[in-house]
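I have placed the structure first, in the form of structure tokens, so that the comments after it can refer back to it.
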């Protein structure tokens, strides 16, 4: 082979190296533990910071990138400048190409601008860290021009573009770049945060993006519980059983959902549909609490957590109830977590899932599993993936 042909062959080989575009929304998820149900808008972000919110996206971004290091010699990494991805790539020791200019504070337009730049570079896959709001920004920037994948780091994650956790996102990325996965259209959903904070769930479909298809590693859309007569009877039967087991000296942190709200309804208490409320025995003592308030309430006391998995997704922790944080779960103890779910909800789930942001805790939960209350005095063991 001539020198000229050899150079041409090397150039062609370099062009075939797949490129991963990577963008981080550094404030995604900050409103979760402090009970704000999102961080859309500067005013809400400011309030979250005042309440002691800490960034959660950078750590999850580093987890994803650390997993991606296993294939770093086979891919090219392109990242947003500064806190939009560059900082995390450098923290884990990955070589990367930086797009855009580093800024002290970033906003949604920075995400959109960086995504457009990556689309112009024809990256093989655009991976973003954020929630539904970030998914909307990516949708607005690239539409269906290139495949996208979300690393779940937000509070609201109703869209079907997210992997179940950062490690799963890295596995999906590797499988897609190796040609093992096809693409499908995935819904980008978002909720009205103002309504969400007022206890009203108003979700809207904003469009579709192309996402690698891997149903075991990518979450499905969130599904609402059907309000049929049999479903309502099932919820009531579960609630009656849980109430009979509640004792006066125990603090109960009751998570969001219609199934958990039925417990409060039968106790003639006004529970928040989308927040975490505290009961002392059978008496409601605090509504819509955050992580700090829960930790204060359970300190030195017997405590239990009552939660229901998200319909269609199966998440018990890590989606919409980040107030029930890793600190809260560890403080209460896995043996004191009560999971409740109607039979129809469980039939729609292959397993339960958790994404607390604490890898050791997630592993412990998966080993422990959950015994789920499905009807009056009926419980069954359900696997946690």
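Quick note: the coordinates plus some simple rules give every number you see, no bench work behind them. Since we're looking at a predicted model, the values are computed, not measured. So basically every Cβ, Gly included, is an ideal-geometry build from the backbone, and we count neighbours across all protein chains shown.
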> How much of the DSSP beta bridge set in the chain is antiparallel, as a percent to the nearest 5?
Replying inline: 40
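Can you put 351, 83 in order, fewest other beta carbons within 10 Å first?
Arranged by neighbour count, lowest to highest, 351, 83 become 351, 83.
If neighbour count is taken as other Cβ atoms inside 10 Å, put 189, 118, 99 in order from fewest to most.
Ranking 189, 118, 99 by Cβ neighbours within 10 Å, fewest first, gives 189, 99, 118.
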> Per Stokes-Einstein, at 37 °C and 0.692 mPa s, what whole-number D in µm² s⁻¹ belongs to segment 229-382, with the Kirkwood radius over Cα pairs as the hydrodynamic radius?
Replying inline: 215
>> Angle check, please: helix 166-177 long axis (alpha carbons) against the longest principal axis of the chain (alpha carbons), in degrees 0 to 90, nearest 10.
In response: 40
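Once you have the Kirkwood Rh of segment 97-160 from its Cα pairs, apply Stokes-Einstein at 37 °C and 0.692 mPa s and quote D in µm²/s. Don't jump to the answer; show the numbers that get you there.
Details: Rh = 12.1 Å.
Stokes-Einstein gives a translational diffusion coefficient of 271 µm²/s.
Give me 233, 16 ranked fewest to most by other Cβ atoms within 10 Å of their Cβ, as a rough exposure proxy. Spell out each step's value before the answer.
Details: 233 13, 16 6.
Fewest-to-most ranking of 233, 16: 16, 233.
Could you calculate, for the chain, the ratio of the Cα radius of gyration to the Kirkwood radius, expressed as Rg to Rh? Mind dumping the intermediate values first?
Numbers: Rg = 22.0 Å, Rh = 21.6 Å.
Reported Rg/Rh, Kirkwood definition of Rh: 1.02.
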> If contacts are Cα pairs under 8 angstrom and at least 6 residues apart, what is the relative contact order of the chain in percent?
Replying inline: 14
> When you count, for each residue, the other Cβ atoms within 10 Å and take the mean per peptide, how do 296-304, 318-326, 340-348 rank with the highest first?
Replying inline: 318-326, 340-348, 296-304
> Angle between the Cα long axis of helix 108-120 and the longest principal axis of the chain, 0 to 90 degrees, nearest 10?
Replying inline: 40
> What's the angle, to the nearest 10 degrees (0 to 90), between helix 132-142's Cα axis and the longest principal axis of the chain?
Replying inline: 20
>> 7 Å from Cα along Cα→Cβ at both residue 204 and residue 286: what's the point-to-point distance in nm?
In response: 3.4
> What is the gain in length, in nm to one decimal, between residue 51 and residue 371 on full extension, counting 0.36 nm per residue of separation less the C-alpha to C-alpha distance?
Replying inline: 111.8 nm
> Under the definition of Cα pairs under 8 Å and six or more residues apart, what whole-number percent is the relative contact order of segment 229-382?
Replying inline: 24
> How many angstrom lie between the C-alpha centres of segment 259-277 and segment 301-345?
Replying inline: 15
>> Between 154, 93, 80, where does the largest GNM mean-square fluctuation fall for the chain, given springs only between Cα atoms within less than 10 Å?
In response: 93
> Between residue 299 and residue 43, what is the spin-label point distance in nm, taking each point 7 Å from the Cα along the Cα→C-beta axis?
Replying inline: 3.2
>> Suppose the chain between residue 378 and residue 101 were pulled fully straight at 0.36 nm per residue; how much longer would it get relative to their current alpha carbon spacing?
In response: 94.0 nm
